[in-house]
Amino acid sequence: MKGAAANTEAAVTAAEVDAERLLAALPAGDAEIVRALALAAEREGVALHAVGGPVRDLLLGRPLRDVDLIVEPRGEQQGASASALARAASLPRARVVEHDRFGTLRISTPDGAVDLATVRRESYAHAGALPDVSPGSLEDDLARRDFTLNALALPLSSVAREGRPPVVAVEGGLADLEGRVLRVIHDRSFHDDPTRALRAARLAARLGFTLSRSTRSALRDALRDGAFGRVSGDRLRREIEKLFEDAREGLDPADVLRLLADWHVLAALEPGLALPRESQAPLRRLGRAIVQPPWPAARARPYVAGLALWLGALDAGLRARTLRRIAVRGALAERIVAFPKARDAWLRGLTRARGRGAIDAVLAGLGDDEALALYAFAPPTARRRVARHMLEDRPRRLPVTGDDLVGLGLAGPAVGRALARIRIAFLDGAVKDREDALALARELAGRRGGGRGQPRGGARQPGGGRRQP
């Protein structure tokens, strides 16, 4: 898990944190980049701060995740910038990607990655718009953030520490952290960026924090004024993706969605959208499966499986409207809308199937995303069958190919039918090697229609019954 650090065990006070404690808590690859930037900041006389999440998590004694740093022009270094500091650090093997619109850049090496920015202020043309950024002060940069517990800066260089406390915070930020409270920095925060509500739910579920009374009031005002309707579908989808991706860090997606439902945010995204009770247990299993995959699931997208499970208990029309609202389109949207029907068919097939070959035939068209969702939804016996299929049987390759069968006289659809029957026999153990497979192929080729007869070894059909000659 990125960000896990064995020596980050207990909460510390603001007076106890410093650059060395931060570096010790970071993963080695990230610490290498931060140390190089801090040394360059000392040489150049530049004010460098860690900001936001890593400072918060260091104070809470939690594993550090993504690393955010900011450069603050001070005194004689008014021309200091993130890009100039990145060049001065001269990191070997580093790749720097700049995002000019937001004044940020990402420094990555084979072992770690760090986000670096120059301090800035933000303004919003209208509710839900992306921010317009301009140069600002450290105080401006902290004030533009979502919650007080993220508006924290830890000075990492001598210039940054001049005249500053060990941790720079907006008013009340450290007290909110101690009180385990999520508080927006100003009462129009959710109007400026309604997606902060989705981030609030993730933070609240992960940290065990609650919304302050003023934050609840600010959220109600944004909901009343229709602010969420002005957020683009692409931005909403990215937040939904993060919701399920964060399960890798132990976040329960059902907890996050429950909070969003309780706060009336889901209904603001699409009228009628809710978290059905019957979706909650499968979503919790999905979260556990993302943390500890029952098979190598690198190709599965957690948010696709999550949407299939979450929306599967809603009517098809609402599923389709919700997917349009969050900009999930085309074939992917069609698959998610169709998942409940396909899921039930797969489960019926698994109940009837006898033998590993038959199970493989039932699950032959199962995609990686659907496999993860089906596993999380299925009852225990079917769940074990899905996991065994994905882990052991699906990767197995037949000892013969279609070309081998063509060489024996099969052609057209008969090749596919014969390969399917050989695969069933192979997984059931009736066909053990290439010689057995070719013998069965010759038998199938010798029958009228290219393989409608009884395969050698008595292989079973996907429904469990034996084939008839």
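Brief remarks on what is shown
- Neighbours by Cβ (under 6 Å, 6+ apart or cross-chain): first from segment 228-249, of a type in the set (Val, Ile, Thr); second assigned to a helix (DSSP H, G or I): 240/303
- Meets criteria (in the same structural domain as residue 349 (by TED's automatic domain parsing) and either in contact (Cβ under 8 Å) with a residue 12 or more places away in the chain or not aromatic (Phe, Trp, Tyr) (or both)) for residue 386: yes
- When segment 265-287 is filtered for residues that are more than 29 Å from residue 226 (Cα to Cα), touching a residue at least 40 places away in the same chain (Cβ under 8 Å) and surrounded by fewer than 21 Cβ atoms within 10 Å (Cβ to Cβ), only 285 remains.
- Residue satisfying all of: in segment 71-117; of a type in the set (Val, Ile, Thr), at pLDDT 90 or above and touching a helix residue (DSSP H, G or I) at 6+ places or on another chain (Cβ under 8 Å); surrounded by the fewest Cβ atoms within 10 Å (Cβ to Cβ) among these: 96
- Restricted to segment 338-363, and to residues there that are in a loop (DSSP other than H, G, I, E, B) and touching a residue at least 40 places away in the same chain (Cβ under 8 Å), the residue that is nearest to residue 282 (Cα to Cα) is 353.
- Residue in segment 318-329 that is among the small types (Gly, Ala, Ser), under 22 Å from residue 258 (Cα atoms) and either outside the structural domain of residue 244 (by TED's automatic domain parsing) or crowded, with 16+ Cβ neighbours inside 10 Å (or both) present: yes
- Total residues in segment 147-167, condition more than 30 Å from the chain's Cα centre (by Cα), outside any helix (DSSP H, G or I) and of a type outside the set (S, T, N, Q): 8
- Checking each residue in segment 1-31 for being surrounded by fewer than 18 Cβ atoms within 10 Å (Cβ to Cβ), modelled with pLDDT of 90 or more and in contact with a Gly (Cβ under 8 Å, 6 or more places away or on another chain) picks out 28, 29.
The values are calculated or read from the model by the stated rules, or taken from the named source; none is laboratory data. A quick note: this is a predicted structure, and the numbers were derived from the prediction, not measured. Note that we place each Cβ from the backbone using ideal geometry, even for glycine, and neighbour counts take in every protein chain shown.
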